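Note sheet for the following structure.
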Amino acid sequence: MRNRKRVGWHKYINGVTISTLVTVLFVLLPLYWLVATSFKNPNSIGTFNGASSLGPNPFSTENYYNAFVNYDFGIYFKTSIIVTLCTTALVLFLGTLAGYALGRLPMRGKFTTLVILLIISVFPAVAVLAPLYLLMREIGWLNSYQALILPYTAFNLPFAIWILRNYMLGIPKEMEETGRIDGASPLRTVWTIILPQALPGLFTAGIFCFTACWTEFLMALTFNSSNNYRTIPVGIAEFGGNFQVPYGTIFAASVVAVVPIGILVFIFRKFVISGLTSGAVKG
């Protein structure tokens, strides 16, 4: 009797299903409230009118207009795009070369290098914030794109190297040896043979780097005080004044900020899962 299989809807009721449902609701409900509130009339935010308060009634795009016109959100969005894309490109380029060297080439001090990279990847940025600020001030890089691109690259590169190195360990060495027999140089081998096989790892490292740069706040607040070089997190934090908090505008800007990350994860979700699982069992 104890081994009898569940039939009907009872077979779907178990601990895993309930935990998954709770997790999904925990993530989706705040997102729904964020999107719904962003389309509400600013005057109706915070008021309760029964079931109609659960959605935008009446539907309004005034919050988005205020974000882009009255609060210069377009400038913050442009700055975040430039900084994030440049950083991600640098991290993937340098991480690919370093991951290939640590994963495929014989070299001394490999274990020590990996330990140092691991330490750097968990090192708190706040510990070096003051020295970095003084350095940026001395070389005249405050209020510039490079003031964020280079620190972001330095802090995200170790994690990308770990992901790419672990993924490259799983690529068969016979493919690389075939390229060498044909006379391909190490760089050509990486470009034509290793890189196509490591695309899931590249997408995984790229999305993690993109997300980290897109949401970073502390260094962006410290290094760039000019309105022309503020990123999205800092720009949203500056919305409002001493006696007013424009919640609708903040929600609208937050929705726009979430869209690029959501699109990337949705399009490359299969590559991300493949890259994470491969990196978890290799190395």
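Okay, here's what the table says:
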read-out: FRET efficiency for PHE123 and ASP182, using Cβ-Cβ distance with R0 set to 35 Å, rounded to 0.05; value: 0.25
read-out: Longest DSSP-loop-exposure-free segment, trypsin sites (Lys or Arg not before Pro), the chain, at most 12 other Cβ within 10 Å; value: 109-283
read-out: Relative exposure of TYR167, TYR100, judged by other C-beta atoms within 10 Å (fewest first); value: TYR100, TYR167
read-out: Proxy reagent accessibility, fewest Cβ within 10 Å first, across PHE251, PHE266; value: PHE266, PHE251
read-out: Whole-number percent relative contact order across region 71-281, with pairs defined as alpha carbons under 8 Å at least 6 apart; value: 35 percent
read-out: Aspartates and glutamates whose Cα lies under 18 Å from that of LYS78, excluding same-chain neighbours fewer than 8 positions away; value: GLU216, GLU238
read-out: Residue among VAL24, VAL83, VAL190 with the largest mean-square fluctuation in a Gaussian network model of the chain, springs linking Cα atoms under 10 Å; value: VAL24
read-out: Using alpha-carbon coordinates, inclination of helix 199-215 to the longest axis of the chain, degrees; value: 40 degrees
read-out: Sorted by Cβ neighbour density within 10 Å, fewest at the top, the residues PHE123, PHE111, PHE208; value: PHE111, PHE123, PHE208
read-out: Distance between modelled label sites at TYR65 and TYR133, nm, 7 Å Cα→Cβ extension; value: 3.9 nm
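Since every read-out is calculated from the coordinates, none of them should be taken as a lab result. For clarity, every value in this text was computed on a predicted model and none was experimentally measured. So basically every Cβ, Gly included, is an ideal-geometry build from the backbone, and we count neighbours across all protein chains shown.
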